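The values are calculated or read from the model by the stated rules, or taken from the named source; none is laboratory data. Everything numeric here is computed off the predicted structure, so don't read it as measured data. Note that each Cβ is placed from the backbone with ideal geometry, even for glycine, and that neighbours are counted across all protein chains shown.
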């Protein structure tokens, strides 16, 4: 017998407060919980970046409040070198894991994937709830390292061996701090695997009548592809973290070779391989950054289409490009290791797929840009951030041309060029994807509109501000400014300090602009204008249900899908669009591809 | 607002390109024999990246300008050629471009990493440890004495853990805190990590290579200009990473011999 | 709950389900005939268990590559003889897969045909459960034997990997035992879905196959 009630474990709406708001099985609540987690993480990560930037511009600056947080780390409020590195490590870890993997994928995906396929919920709501609470626990474990032992680990979010495995003699935070980091990230991996489980089975098995795979909106495709990537990537990082924990607490030597001397003492481990960690980490690490960007690609495409009032030149090609990015992402990871001491022939082997991965990325950008041709582009906060995403993705992407080549990497590895590159694509483009998604979907999630004026202020300050911060990073890198330096003492970097000061000013202003966004979120949540069911005149299934959707998404009626997801530019009874779930048959104005 | 956005993109793109075009942000002059290939790759890549960057941003700006906030009565159009034309363009233009970069870049890489040092190269060992570089010259016997990790003691300045009593080769080894090399002489740099990962970077010499604990790696290069250059650590190695550097002196032959005599006397 | 908005059209057996939809991978034809799709649409637990098995495979692939690299990176690898009880444990695990298949067929008969008198449909599930517990106990004996020989987790990289691989596998077997208990309970309440039973069985058989792989790996490498 085939069981269709696998769609929802619960058969009636939850009633208790705990079940409704805390331990909820409803994917929409879980999505909002993930969003709140990502928001909190982003604010903490941003505050950390402010502290770092102030110190980089003014090495002796006394930062208020820091002495209380860590009297050892910041005596008199002035950052010690180790505390700078500890804050930097936490900034990277929090942002990459708890913001960029969480918001575009876990938050929006959990909320909207089931609705976009027409389902009542995900097939395993208890695993879904567990996925959030495990991720939340991971976050608590990570943040606890601020307050335990001698602080968080200082080895960067990449946690290279043997620094990550030797223990506290290697530096503050390298004992308990590393163990907590590893536990946190292992838990995070488990949480995301539980999430991927739900995403994949939702996409493949719960699509409603008429919803073929090719009729899925681009955001749904992006979440599906991302969850496949996560499956392969997180299940490799987790065992690597476990092996590091064993090196710490069980005396094993997976990553620590023999003959190391720290503080004139022989390190007791022997025989391990330091490059092994790099291979395991980057096998996860490179797909991870595509996990951070692919949902943004899907979300931005989805939003742009609604605001262009016409579909993309080819939906199919965009899907293939996202798939190509996902597959290629596993073949390129060695480009992080060109000068690591690995076999130089491997460097060439990794370099070619890295150059080839430019092609699907370029096709994606070209399709976006040339789909704008002939459109009726609407300008609002969501579309501004979506268009800004394209600009940022281009800027961040072209610096990849340089880093993909091992010979050029000799000059640019470990410089601010790399930092500029990944901040452009992750710290800005992916964030813009999150903002675009927020402005677009907030009405559906909360029943209220966000303030458009504040949204535009947020956009302008962010767009100009992030260019002012991160474009100069590339110039600094070209001159050889080394990253992860808490203070600039090398002779040749001295003349660059004024540039860092300007960047810091831009960073603080841009940071302040994000507070406008937070204010807008909170204010609109309670006092925003009530939103109609379909404020953007959009076509996908989430817009054919109530705002906000009822607990079972469609109020007991399963929609039937009659159309491709982006029927815009047609003449219908409701306007220039036909919703996916509408039985109305219309002729299109232009060719469908 | 759409048109204003288009202008903003244009302005930002142009402003971003200006520092590059004016050559105000570049690595210092190359003093190595292999570096010109790297610099050529860099220039070519910069040209291609720059053109791609400007073209994409300009097109984006242009289309936003043309098609934003048009009335609801305006006709929707589709780019002639459609997605197929774009895919072909991307494959041809970008594909060929990046693969060309890759292919031509192989020589620049191979010159550094896939060629062996010549037999007459001067061997120098560099050891990286928290948070300093130390250098060792083999002395007249041309051989390095063994490193005994258990004998390493920074307090007593025994940086390499040499056993001068039992190891004959280590007796004439010369350990220094600065690296000096003769100009126009190929150097074979043997890299040893004492504790955690570090990296060796000299901008002017166009070399950067990580130290790998447990694995001794090596580099070879030839410096062509006399001068004093900074060696900096580029692999996060702990709290003193920001401060970890040494100086490289490229000297004339005579000056170098003088220096060696002085250092040998100080052992 | 689920209300069809439109009546599905009459089923034409000659009609192929893949028209105009871009290929066989699509589960719901464009014309909306869901009944055809239902026959093809796997229950979510079937997809989910493949996802889980894939993730577990990737994890052990990571451990495998760590083992291979670690063995080759240094001269301190000391091989040792695998405790012979491991082979007995292998037989026990294999037997449990057999008994699981037996129980699956009995339950299928029980669930599909109310006329057939199948008493104690859960009996063979209990046998599988016992064999599974026996396997884990046998692994514990193997670990004790190694400890008696002075081979602990940190003694040598070879013993490190032995413990890491076998303990991780045993933990996953315990998870499978939990799944079996869940199936037994659901069967007792007459609310067991066939898809749940099949998914649990698939997981269990995978534990068996995984163990064979690990045994081979340890035998060849250790």
Residues of the stretch B:188-201 satisfying the condition of being farther than 29 Å from residue A:268 by Cβ and surrounded by 21 or more Cβ atoms within 10 Å (Cβ to Cβ): B:189, B:201
Residues of the stretch A:514-547 that turn out to be touching a helix residue (DSSP H, G or I) at 6+ places or on another chain (Cβ under 6 Å) and either surrounded by fewer than 22 Cβ atoms within 10 Å (Cβ to Cβ) or in a helix (DSSP H, G or I) (or both), as a count: 11
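Among the residues of the stretch A:164-185, which ones are part of a helix (DSSP H, G or I) and more than 11 Å from every other protein chain (Cβ to nearest Cβ)?
The initial filter retains those residues of the stretch A:164-185 that are part of a helix (DSSP H, G or I), namely A:168-170, A:176-185.
Once the filter is applied, which keeps residues that are part of a helix (DSSP H, G or I) and more than 11 Å from every other protein chain (Cβ to nearest Cβ), the stretch A:164-185 yields A:168, A:176, A:177, A:178, A:179, A:180, A:181, A:182, A:183, A:184, A:185.
Has the stretch A:217-230 got any residue that is in contact with a helix residue (DSSP H, G or I) (Cβ under 7 Å, 6 or more places away or on another chain) and facing another protein chain (nearest Cβ under 8 Å)? Steps first, please.
Just the residues of the stretch A:217-230 that are in contact with a helix residue (DSSP H, G or I) (Cβ under 7 Å, 6 or more places away or on another chain), to begin with: A:217-230.
Remaining after also requiring facing another protein chain (nearest Cβ under 8 Å): none.
No, the stretch A:217-230 has no match at all.
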Any hit, the stretch B:28-49, residues being touching a residue at least 40 places away in the same chain (Cβ under 8 Å), loosely packed, with under 14 Cβ neighbours inside 10 Å and more than 9 Å from chain A (Cβ to nearest Cβ): yes
Residues of the stretch C:45-98 that turn out to be over 13 Å from residue C:221 (Cβ atoms), within 14 Å of chain A (Cβ to nearest Cβ) and not in a helix (DSSP H, G or I), as a count: 3
Given (1) more than 9 Å from every other protein chain (Cβ to nearest Cβ); (2) without any contact (Cβ under 8 Å) to a residue 40 or more places away in the chain; (3) closer than 29 Å to residue B:119 by Cβ, index of the condition residue B:175 fails: (2)
Set B:54, B:60: member being closer than 25 Å to residue A:463 by Cβ, surrounded by fewer than 19 Cβ atoms within 10 Å (Cβ to Cβ) and touching a residue at least 12 places away in the same chain (Cβ under 8 Å): B:54
Failed item in (1) surrounded by 23 or more Cβ atoms within 10 Å (Cβ to Cβ); (2) in contact (Cβ under 8 Å) with a residue 24 or more places away in the chain; (3) more than 30 Å from residue A:80 (Cα to Cα), with residue A:480 passing the rest: (3)
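Pick from A:113, A:100, A:87: which is touching a residue at least 12 places away in the same chain (Cβ under 8 Å), within 14 Å of chain C (Cβ to nearest Cβ), crowded, with 22+ Cβ neighbours inside 10 Å and assigned to a helix (DSSP H, G or I)? Outline the logic, then answer.
Working: A:100 fails: within 14 Å of chain C (Cβ to nearest Cβ); A:87 fails: within 14 Å of chain C (Cβ to nearest Cβ).
Among A:113, A:100, A:87, only A:113 is touching a residue at least 12 places away in the same chain (Cβ under 8 Å), within 14 Å of chain C (Cβ to nearest Cβ), crowded, with 22+ Cβ neighbours inside 10 Å and assigned to a helix (DSSP H, G or I).
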Residue check, residue B:215 modelled with pLDDT of 95 or more and either surrounded by fewer than 24 Cβ atoms within 10 Å (Cβ to Cβ) or more than 7 Å from chain A (Cβ to nearest Cβ) (or both): no
Condition broken by residue A:369, with the remaining ones in (1) without any contact (Cβ under 8 Å) to a residue 60 or more places away in the chain; (2) closer than 23 Å to residue A:327 by Cα; (3) within 7 Å of another protein chain (Cβ to nearest Cβ) satisfied: (2)
Test: residue in the stretch B:15-23 that is touching a helix residue (DSSP H, G or I) at 6+ places or on another chain (Cβ under 8 Å), surrounded by 16 or more Cβ atoms within 10 Å (Cβ to Cβ) and either more than 21 Å from residue A:467 (Cβ to Cβ) or touching a residue at least 40 places away in the same chain (Cβ under 8 Å) (or both): no
Among (1) out of contact with any strand residue (DSSP E or B) (no Cβ under 9 Å at 6 or more places or on another chain); (2) in contact (Cβ under 8 Å) with a residue 12 or more places away in the chain; (3) facing chain B (nearest Cβ under 7 Å); (4) buried (at least 23 other Cβ atoms within 10 Å of the Cβ), the one test that residue A:398 misses: (2)
Restricting the stretch A:256-280 to residues that are more than 16 Å from residue C:68 (Cβ to Cβ), free of Cβ contacts under 8 Å to residues at least 24 places away in the same chain and crowded, with 18+ Cβ neighbours inside 10 Å, the residue that is farthest from the other protein chains (Cβ to nearest Cβ): A:258
Subset of the stretch A:47-79 that is out of contact with any helix residue (DSSP H, G or I) (no Cβ under 7 Å at 6 or more places or on another chain) and modelled with pLDDT under 95 - its residue that is nearest to residue A:476 (Cα to Cα): A:59
Any hit, the stretch B:196-209, residues being at the interface with chain A (Cβ under 7 Å from one of its Cβ atoms), touching a helix residue (DSSP H, G or I) at 6+ places or on another chain (Cβ under 9 Å) and at pLDDT below 95: no
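Say we look at the stretch A:245-278 and pick out the residues that are part of a loop (DSSP other than H, G, I, E, B) and touching a strand residue (DSSP E or B) at 6+ places or on another chain (Cβ under 8 Å); which of these is farthest from residue C:155 (Cα to Cα)?
As a first pass, look at the stretch A:245-278 and keep what is part of a loop (DSSP other than H, G, I, E, B): A:250-260, A:263-264, A:267-273.
Keeping just the survivors that are touching a strand residue (DSSP E or B) at 6+ places or on another chain (Cβ under 8 Å) gives A:257, A:259-260, A:264, A:267.
Working: A:257: 15, A:259: 18, A:260: 19, A:264: 25, A:267: 16 Å.
The residue in question is A:264.
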Pairs, first more than 7 Å from chain A (Cβ to nearest Cβ) and closer than 17 Å to residue B:50 by Cβ in the stretch B:91-108, second at pLDDT 90 or above and in a helix (DSSP H, G or I), C-beta under 8 Å, six or more apart: B:97/B:48
Enumeration of residues in the stretch B:32-76 that are outside any helix (DSSP H, G or I) and more than 24 Å from the chain's Cα centre (by Cα): B:68, B:69, B:70, B:71, B:72, B:73, B:74, B:75, B:76
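Check A:410, A:390 and return the single one that is within 9 Å of chain B (Cβ to nearest Cβ), assigned to a helix (DSSP H, G or I) and over 29 Å from residue B:12 (Cβ atoms).
On the way: A:390 fails: over 29 Å from residue B:12 (Cβ atoms).
Of A:410, A:390, the one residue that is within 9 Å of chain B (Cβ to nearest Cβ), assigned to a helix (DSSP H, G or I) and over 29 Å from residue B:12 (Cβ atoms) is A:410.
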Hits in the stretch A:477-507 - residues which are over 19 Å from residue B:19 (Cα atoms) and not in a helix (DSSP H, G or I): A:482, A:483, A:484, A:485, A:486, A:487, A:488, A:489, A:490
Unique match (being within 11 Å of another protein chain (Cβ to nearest Cβ) and in a helix (DSSP H, G or I)) among A:425, A:418: A:418
